[in-house]
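The structure appears right after this line, and notes come after that.
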Amino acid sequence: MKRLYLYDDFKARSFAPFALTRPVSELRAGVELIRLRWERAAASKAYGFISSRHLDDFTEFDSPPAAHADATAPAGSMLVNSRFVVSLDAHIDDTSSAFSADGLICAVRLRKSTDISGLLDGSQNLESFVQSDVVPAPLAGRWLREVWDLVGDLQIQLAEDIPLVGSRLSGAAIENATVIGKHSIYLETGAQIEPFVVLDASDGPILIRRGATIASFTRIFGPTYIGEDTHIAGDSIRGCSIGDVCKVRGEISSTILLGHSNKGHTGFVGNSYLGRWVNFGAGTTTSNLKNTYGPVSLWTPDGVRDTGLQFLGSLVGDHAKLGIGTMLTTGCVIGAGANVFGARVTPKVVPPFAWGEQEPWSRNEFPRFCEVTERMMERRHVSLAAKAKAQLEAAFLLSGESA
């Protein structure tokens, strides 16, 4: 049986704040998780991911397990780079042994049984698995060269993805809503739209999945994706990818919500990425444009760097909680598990599992963090599994070592 392994290389493992609590393959790019994009291209379920050891116990819904040091990938297995966002209409044929995009190898088919322990530190690239006489086949998609590309490439990715996904779904008639624009609008059977909703497809397509509810007095501008069982409670949604089981109210633009997160009140969020199980208190607002209109700089593990983007809001790690009225500065990074309250304006970076309102931050206690996490997850009828708790504890301990 063909096995599919998703590999986080050294660069992927620097994608703060997300890499502390999840492999990059479990991030949403455009309308879909990177893992699910690869499963579609390879016509195969993912067998495992290869990433940092502190993620060995990562588990989330239908995610594959970590591939451990003693694992051997059999001949014929597919090894793919998680930083490559493969196109949703791409297909990995059975005749090629290597695939490339922009001159870089993004996927290889192993010629022989291979010990994957050499991949565990992320330093090995996929080119090392390609024989010199092999001509790689081209594969459509785009590279995530930096973590902010998830936001910077969002509009073009959505415009590509939505028709490919929406055209395959069972569609429902659009009732109640006012429709504007000539791009396609896909409403999956089981989605609900209340009266006085505007679907504006002037600038791109719109896809609303089953179980989603769009409340009255919401205006959705394409390209936008609304995931399953998500509730949009009003105001303006522009150019966003909102994952499953989210609650969103207020103005939000050019933003990704990975899933199971709340922005249930007013407050502007723009050009941002919210991880899973994030909560924004009432009035929490991001800045996505500098007063100088110049490029935004962003904290990274390698220091503050120029992103080259004029618009960039906040990258918010899994399980972060922001109290009412929090103001997030332009190009802000909120670490996983941080609990921020009483802050007028945040600094450029808030460390993982921080607790409080300003520097020097206190550090959350892990039992208290788990208690809050379990309460939030139970509200979505999800339990914190023992392995997931162990992985979060590993992340907690690792972040304490680097503090």
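Odds and ends about this structure:
- Within the range 369-392, the residues that satisfy the criterion of being open to solvent by less than 20 Å² (accessible area, probe 1.4 Å) and within 20 Å of A66 (Cβ to Cβ) are A388, Q391, L392.
Residue-by-condition table, conditions (1) touching a strand residue (DSSP E or B) at 6+ places or on another chain (Cβ under 8 Å); (2) open to solvent by 10 Å² or more (accessible area, probe 1.4 Å):
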| site | (1), (2) |
| --- | --- |
| F10 | no, yes |
| R35 | yes, no |
| A43 | no, yes |
| A46 | yes, yes |
| M78 | yes, no |
| L88 | yes, no |
| D94 | no, yes |
| S97 | yes, yes |
| L110 | yes, yes |
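- Against the list (1) within 22 Å of A12 (Cα to Cα); (2) part of a helix (DSSP H, G or I); (3) open to solvent by 20 Å² or more (accessible area, probe 1.4 Å), the condition D121 fails is (2).
- Being closer than 22 Å to D244 by Cβ and touching a strand residue (DSSP E or B) at 6+ places or on another chain (Cβ under 8 Å) is a property that V269 has.
- Within the range 362-403, being without any contact (Cβ under 8 Å) to a residue 60 or more places away in the chain, assigned to a loop (DSSP other than H, G, I, E, B) and charged (D, E, K, R) holds for E365, R379.
- Positions within the range 254-270 being open to solvent by 20 Å² or more (accessible area, probe 1.4 Å) and within 20 Å of V147 (Cα to Cα), in sequence order: S254
- Cβ-Cβ distances below 6 Å connect no pair with a first residue in the range 162-184 that is free of Cβ contacts under 8 Å to residues at least 12 places away in the same chain and among the polar types (S, T, N, Q), a second residue that is in a loop (DSSP other than H, G, I, E, B) and surrounded by 13 or more Cβ atoms within 10 Å (Cβ to Cβ), and a separation of six or more residues or different chains.
- Cβ-Cβ contacts under 7 Å between residues 6 or more apart (or on different chains), taken from a first residue in the range 191-206 that is in a strand (DSSP E or B) to a second residue that is of a type in the set (S, T, N, Q), are listed as Q192/T213; I193/N176; V198/T178; I206/T224.
- Residue tally, condition small (G, A, S) and crowded, with 23+ Cβ neighbours inside 10 Å, over the range 48-57: 1
- Counting only strands (runs of 3 or more DSSP E) that sit completely within the range 268-361, those holding 3 or more residues that are under 20 Å from F18 (Cα atoms) and touching a residue at least 12 places away in the same chain (Cβ under 8 Å) correspond to 297-300, 314-316, 332-334.
- Inter-residue pairs, beta-carbon under 8 Å, first without any contact (Cβ under 8 Å) to a residue 40 or more places away in the chain and over 15 Å from I162 (Cα atoms) and in the range 83-101, second open to solvent by 10 Å² or more (accessible area, probe 1.4 Å) and of a type outside the set (A, V, I, L, M), 6+ apart: S97/R109; S97/R111; S97/Q131; A98/R109; A98/F129; A98/P136; S100/P136; S100/P138
- Residue that is least open to solvent (accessible area, probe 1.4 Å), among those in the range 152-197 that are under 24 Å from N288 (Cβ atoms) and among the β-branched types (V, I, T): I162
- Complete set of residues in the range 18-33 that are open to solvent by 10 Å² or more (accessible area, probe 1.4 Å) and over 11 Å from the mean Cα position of the chain (by Cα): L20
The values are calculated or read from the model by the stated rules, or taken from the named source; none is laboratory data. All values derive from a computational prediction rather than experimental measurement. Positions of Cβ are generated from backbone atoms using ideal geometry, with glycine treated the same way; all protein chains shown enter the neighbour counts. Note: accessible area is taken over every heavy atom of the protein model, side chains too, but ligands, DNA and RNA are not part of it. Shrake-Rupley method; radii C 1.70, N 1.55, O 1.52, S 1.80 Å.
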